[in-house]
Amino acid sequence: MKVAIIAANGNAFDAYKVFNIATAAAATDGEVAVFFTFEGLNLIHKEGHKQLPLPEGKEAFQEGFEKANVPSIPELVEMAREMGVKFIACQMTMDVMGLEEEALVDGVEVGGAATFLNFAKDANITLSF
């Protein structure tokens, strides 16, 4: 199975969606790549992913995540990396935002949309969050 994910949004709910699907697919021996663009780059920003906001009015979910023993976003990022999920950061978005590769977690490939499309062209599943 080959899974291609586009992460274009950057709050905690988006992170849980992206990393839950990515790690589940990787756990079933899937080949997984996530293309992080626009606000989605927050999910792999060294400091940003540690303090992602919950959507307004959904703050009570944080307690639910903790009670359910859901891993934190930083833990999910590390799990995905350890499981071989490929992280691709959008070069164009980084240029627009003035974001340097050093600001991102280790192991990120910087590439354009064509890099992601090359991976996704024969994916069994393509998702966007």
Averaged per residue, what accessible surface does the stretch 73-125 expose to a 1.4 Å probe, in Å²?
56
Most fluctuating residue given options A80, A68, A89, as computed from a GNM of the chain linking Cα atoms under 10 Å:
A68
Averaged over all viewing directions, the convex hull of the alpha carbons in the stretch 59-129 casts a projected area in nm² of 6.6
Comparing E75, E102, E63, which has the greatest mean-square fluctuation in the GNM of the chain with Cα pairs linked when under 10 Å apart?
E63
Computed, not fitted: 222 nm per-residue ellipticity of the chain from DSSP H runs ≥ 4 (each -39500 (n - 2.57)), nearest 500, equal to -11000 deg cm²/dmol
Gain in length, E31 to V70, computed as 0.36 nm per residue apart minus the alpha-carbon separation, to one decimal in nm?
11.7 nm
For the chain, what % of the accessible area comes from carbon and sulfur atoms, probe 1.4 Å?
52
Amide H within-cut-off set for A89, under 5 Å, with H built and near neighbours excluded
F36, E109, V110, G111
Taking the Cβ of A89 as the centre, find all other residues whose Cβ is under 14 Å away and add up their charges (Lys, Arg: +1; Asp, Glu: -1).
-4
Specify the inter-centroid distance of the stretch 90-129 and the stretch 1-61, based on alpha-carbon positions, in whole Å.
13
Anyone know which of A33, A15, A113 comes out most mobile in the 10 Å Cα GNM of the chain?
A113
Students often get this wrong: which residues of the stretch 18-39 have the backbone nitrogen under 17 Å from the point 7 angstrom along Cα-to-C-beta of M92?
35-39
State which entries of K50/K121; K17/K67; K67/K121; K2/K58; K2/K67 exceed 28 angstrom in Cα-Cα distance in the structure shown.
K50/K121; K67/K121; K2/K58; K2/K67
Using the basic label-point model (7 angstrom from Cα toward the beta carbon), what is the E109 to D122 distance in nanometres?
1.5
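Can you give the alpha-carbon Rg of the stretch 13-68 over 2.2 N^0.38 Å, where N counts its residues?
Scaled against compact globular proteins, the figure is 1.26.
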In nm², what is the average projected area of the convex hull enclosing the Cα atoms of the chain?
7.5
Roughly how many Å² is the accessible area per residue of the stretch 1-64, as a whole number, for a 1.4 Å probe?
47
Scan the chain and note any complete DSSP helix (H) whose C-alpha atoms cover at least 15 Å along its axis and whose Kyte-Doolittle average is 0.0 or more.
12-27
Spin-label pair E47/A60, simplified geometry with 7 Å Cα→Cβ offset, distance in nm
3.3
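The values are calculated or read from the model by the stated rules, or taken from the named source; none is laboratory data. Please read all numbers here as calculations on a predicted model, not as lab measurements. As a convention, Cβ positions derive from the backbone with ideal geometry for all residues, glycine included, and neighbour counts pool all protein chains shown. Just the protein is used for accessible areas: all its heavy atoms, side chains included, with ligands, DNA and RNA removed. Shrake-Rupley method; radii C 1.70, N 1.55, O 1.52, S 1.80 Å.
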